[in-house]
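Just so it is clear, none of the values below were taken in a lab; they were calculated from the coordinates. Remember, predicted model here, so these are calculated numbers, not experimental data. Cβ coordinates were reconstructed from backbone atoms using ideal geometry, including for glycine residues, and neighbour counts include every protein chain displayed.
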Amino acid sequence: MIATQLKEAETPQTTSKIAVGDDSGAGLKKLCLGNGTTQTRVRTPSKVLEIKEELHDVLTSDEGGHFFYHSGDRQDLVGREFLTGTLASWKAPTTHIKLSDDPALKAEYGLHTLLGALATLPYRQEWNLHLVLSIHNVKVFKNLLTDKTSGSHTVSFNGKNTPMSQVNLNVSLVVPEGAGSYSYCVSAKPEPLIDRSAHAIAVDFGTSTVIPTVFAPGGSIIHRQVLEVGGCIDLLDAIAADPELVQFLGTGKAGSIEIIRQGIESHLFQYGTRNFNFRHIYARHLKPWLADRLRLAFKEVEEWRDAAQSFVAWGGGVEMPGIASMLQREGITPVPEGCWANAVGLQRMAFGRMQRGK
């Protein structure tokens, strides 16, 4: 699920290197910059649109960015302009690129979504970022993602003629999705959520996917499989198409996924400004949605369950109302800040590598 960007502190106005965790999910881009009291987090939908005509007005949102590429190591982008996240879906609701449509798009457009995330932050003349990235298939996409992201990029944010920013990106490491979350869990305070000395099982409830993963002692991935069913988006679709909601709206069409998402995240379950509360519809669809996914996840990891000392769940789906208690009843530990676990873990890895000169 998407939440508004967290700005616990403004990014410092210096040109020193910042350790960054970049979690490019199929549904959401999560960027975690810096640590401690200066840490900044940005979360935007994984969507991109190239602009080929003048905008009527400058579009701004905490959940989407706008950049013009002047020059840099991506020669194929010179002179081109893009919207990302919410701005892409605002401008072209049906024709924008969704990174969930094809696994290769996360590597192809990783730089776009990163620059779009930076566009939501206060202006800096120069960014020097030391990155640890995650990708679903490291073997296939590591080199492509690194080549298309790393280097120097001169851009303008929020328009062609705004002051330029020099964005210098050093890709220190590319790891499998979930590696950051594992790191987050083994270093959790006051007690680790995963016992590093033993096998562990995790289920990632993402926007588009549900992914069970088995970790060996120490954190190496033994088994990982994307389930055939979808993630949180399937639940939102079911609520949107619920006959009671469709009848209330009176248009014969399904409800708005975006409005439903906002209602769930607020925990108020109001359908926008309409006098309709869908809490009971959410409750009706939630149990079968989760039960189906847990059944398939249990089947996928069955042969490792007896050896696993830890069984956790992370991802944005874990933060939806009612999910945590349902998982606990199944003997699964819900990870706090489940949506951010991977990005925060990646940031810690980036900081450690930066300190060691890697």
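Distance between the C-alpha centres of segment 126-172 and segment 259-322: 33 Å, rounded to the whole angstrom.
Of K17/K142; K106/K287; K52/K148; K91/K253; K106/K139; K17/K148, which pairs sit farther than 25 Å apart, going by alpha carbon to alpha carbon? Over 25 Å apart, Cα to Cα: K106/K287.
When the helices of the chain are scored as -39500 (n - 2.57) per DSSP H run of n ≥ 4 and the total is divided over every residue, the value at 222 nm lands at -9000 deg cm²/dmol.
Backbone phi angles across segment 196-209, fed through the Karplus curve with coefficients 6.51, -1.76 and 1.60 (θ = phi - 60°), yield HN-Hα couplings of 5, 7, 9, 4, 9, 10, 9, 10, 9, 9, x, 5, 9, 9 Hz in residue order; Gly and Pro are listed as x.
When the chain is treated as a Gaussian network with alpha carbon springs shorter than 10 Å, the biggest mean-square fluctuation among V246, V78, V167 belongs to V246. Go through segment 49-152 and name the trypsin sites (Lys or Arg not before Pro) that are in a DSSP coil and have 10 or fewer other Cβ atoms within 10 Å of their Cβ. Those satisfying the criteria are K52.
Does the chain classify as rounded, prolate or oblate by the C-alpha gyration tensor (a ≥ b ≥ c root eigenvalues; a/c under 1.5 gives rounded; else a/b over b/c gives prolate, otherwise oblate)? Verdict is oblate for the chain. Springs join every pair of Cα atoms under 10 Å in this Gaussian network model of the chain, and among L55, L114, L327 the largest mean-square fluctuation is at L55. Of R196, R274, R329, the sequence from fewest to most neighbouring Cβ atoms within 10 angstrom is R329, R274, R196.
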